[in-house]
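Input: a single structure, listed below in structure tokens.
The values are calculated or read from the model by the stated rules, or taken from the named source; none is laboratory data. This one's a predicted model, so the numbers in the text were calculated from it and none came from an experiment. A quick note on method: Cβ atoms are made from the backbone with ideal geometry, for glycine too, and the neighbour counts reach across all protein chains shown.
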Amino acid sequence: MASIEFSKCEKSFGSAKILKGIDLQIASGEFLVLVGPSGCGKSTLLRTLAGLEKLDSGTISVGGKVINNVEPQDRDIAMVFQNYALYPHMTVEENMGFGLKLQGLSSSDISKRVKGISDLLQISHLLARKPKELSGGQRQRVALGRALSRQTPVILFDEPLSNLDAHLRSQMRVEIKRLHQTLKSTMIYVTHDQMEATTMGDRIAVLKDGLIEQVGTPTEIYHRPKNMFIASFIGSPEMNFLEGSIVQKLPWPNARRVDSVLGIRPEAFKVSNGSVNSQEIELGDFDIELSENLGGQQMLHGQLADQTVRILVDSLDNFSTGQRIPLKIDLTKAHLFDKKTGLNQRI
Ligand SMILES: Nc1ncnc2c1ncn2[C@@H]1O[C@H](COP(=O)(O)OP(=O)(O)O)[C@@H](O)[C@H]1O
Ligand SMILES: [Mg+2]
């Protein structure tokens, strides 16, 4: 285990500034997910920590020691990549033990370690096989095993599940979390998938254009997004943004401003029965244009105050196209943004 600290980290490739001053602290033993759209600098940040890219300025500390000038092989950091290139001519056992061999471990120690990790990953029965004799999911397990067997205090994951199908991905998510609980290494997990981020992270750091926009628990980020970018990036289906007269219904003074935008998550609407408590306000009638059955829930697309919105309701409510329903909202679930700065006015 080791704590990690990025301080004022900057990195350019040619004239393109990719990391624009990253400050981020990760506690020892934490599972931090770094999430952001493709191209925002996630891999670059991870690679500077692993020593595969050199910073232009700023410092990175691990366990309180600045490691900027430590060679990658001396950093005691393991990394799992999206394209988990295994050595094709080696068996699973040899692939997993290769790094340990380079570290100079004896062959009996290597085989003990490989055995332990392969039990944990449930791939012990595959040890004698070559990569081409494995499924995609099994190969990814071997790649995980190769990184984990080094027993480093820090383990980095760069979109390791992107090449797996949805079912395997959700299974591996749980397994990686379970491994974290067993191994207790400090882990940084990179993904562009907001669902993966909120389901896996103890904390999430949202990266955009080379800057950290917000760091917090999944619940904090979901319920108290700092700005419109985070509000729309985290959560699926996306938050609705409403402008115009409907915003004036909010009892808050800064809702009167012309640049105010009301943000409401699809599941936050309630069907009104004509009465509101002190926390609620009426929003007016919603005209259903399209309904999608999602199993337990129903997604309704339609018009509210001349704007297109999506709302999620219980599928047993059985609403259908053409119906008009009155909506209300609990004010604790309404967000108010400044359209110019994007900032959330309520936090
Ligand atoms: N070695 C490199 N040389 C030049 N440009 C690079 C290099 N690595 C990454 N980039 C650029 O930096 C930006 C961020 O890349 P990356 O960190 O891989 O983003 P992410 O992992 O968030 O998708 C991209 O525009 C990418 O093209
Ligand atoms: Mg990447």
Quick one: which strands (runs of 3 or more DSSP E) lie wholly within the stretch 169-221 and hold at least 3 residues that are more than 16 Å from ligand 2 (Cβ to nearest atom)?
-> 211-216
Residue 101: passes all of (1) within 16 Å of ligand 2 (Cβ to nearest atom); (2) under 30 Å from residue 130 (Cβ atoms); (3) among the basic types (Lys, Arg) but (1)
The condition of being over 33 Å from the mean Cα position of the chain (by Cα), surrounded by 11 or more Cβ atoms within 10 Å (Cβ to Cβ) and part of a strand (DSSP E or B) holds, among 325, 288, only for 325
What is the number of the single condition among (1) in a helix (DSSP H, G or I); (2) surrounded by fewer than 19 Cβ atoms within 10 Å (Cβ to Cβ); (3) not charged (D, E, K, R) that residue 140 does not meet?
-> (2)
Just name the residue that is nearest to the chain's Cα centre (by Cα) out of those in the stretch 154-179 that are polar (S, T, N, Q) and within 16 Å of ligand 1 (Cβ to nearest atom).
-> 162
Give the residue, chosen from 79, 90, 96, that is assigned by TED's automatic domain parsing to the domain that holds residue 173, touching a residue at least 24 places away in the same chain (Cβ under 8 Å) and in a loop (DSSP other than H, G, I, E, B).
-> 90
Per-region count, the stretch 24-61, residues touching a Cys at 6+ places or on another chain (Cβ under 8 Å) and either within 16 Å of ligand 2 (Cβ to nearest atom) or in a strand (DSSP E or B) (or both) | 6
Restricting attention to the stretch 71-91, and to residues there that are over 21 Å from residue 184 (Cα atoms) and in contact with an Asp or Glu (Cβ under 9 Å, 6 or more places away or on another chain), which single residue is modelled with the highest pLDDT?
-> 87
Just need a number here: residues in the stretch 106-118 that are hydroxyl-bearing (Ser, Thr, Tyr) and farther than 25 Å from residue 172 by Cα.
-> 3
Which condition number does residue 45 fail, the rest of (1) within 16 Å of ligand 1 (Cβ to nearest atom); (2) touching a Gly at 6+ places or on another chain (Cβ under 6 Å) being met?
-> (2)
Any pair with Cβ under 8 angstrom, 6 or more apart, that starts in the stretch 232-244 at a residue that is under 19 Å from residue 257 (Cα atoms) and ends at one that is aromatic (Phe, Trp, Tyr) and surrounded by 15 or more Cβ atoms within 10 Å (Cβ to Cβ) | 241/337
Subset of the stretch 180-199 that is hydrophobic (A, V, I, L, M, F, W, C) and at pLDDT 95 or above - its residue that is nearest to ligand 1 (Cβ to nearest atom) = 190
Which numbered condition residue 217 fails, given (1) surrounded by 16 or more Cβ atoms within 10 Å (Cβ to Cβ); (2) β-branched (Val, Ile, Thr); (3) in contact with a strand residue (DSSP E or B) (Cβ under 6 Å, 6 or more places away or on another chain) = (1)
Across the stretch 119-133, which residue is nearest to residue 171 (Cα to Cα) among those that are touching a residue at least 40 places away in the same chain (Cβ under 8 Å) and in a helix (DSSP H, G or I)?
-> 120
Neighbours by Cβ (under 7 Å, 6+ apart or cross-chain): first from the stretch 40-55, within 14 Å of residue 76 (Cα to Cα); second of a type outside the set (A, V, I, L, M, F, W, C) and away from ligand 1 (no atom under 11 Å from the Cβ) = 50/72; 50/75; 51/71; 51/72; 51/75; 52/72
Which of the residues spanning the stretch 233-247 are within 25 Å of residue 282 (Cβ to Cβ) and in a helix (DSSP H, G or I)?
-> 244, 245, 246, 247
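Okay, residues lined up against (1) at pLDDT 95 or above; (2) more than 16 Å from ligand 1 (Cβ to nearest atom); (3) in contact with a Cys (Cβ under 7 Å, 6 or more places away or on another chain):
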{"residue": "209", "(1), (2), (3)": "yes, no, yes"}
{"residue": "219", "(1), (2), (3)": "yes, yes, no"}
{"residue": "224", "(1), (2), (3)": "yes, yes, no"}
{"residue": "227", "(1), (2), (3)": "yes, yes, no"}
{"residue": "262", "(1), (2), (3)": "yes, yes, no"}
{"residue": "273", "(1), (2), (3)": "no, yes, no"}
{"residue": "276", "(1), (2), (3)": "no, yes, no"}
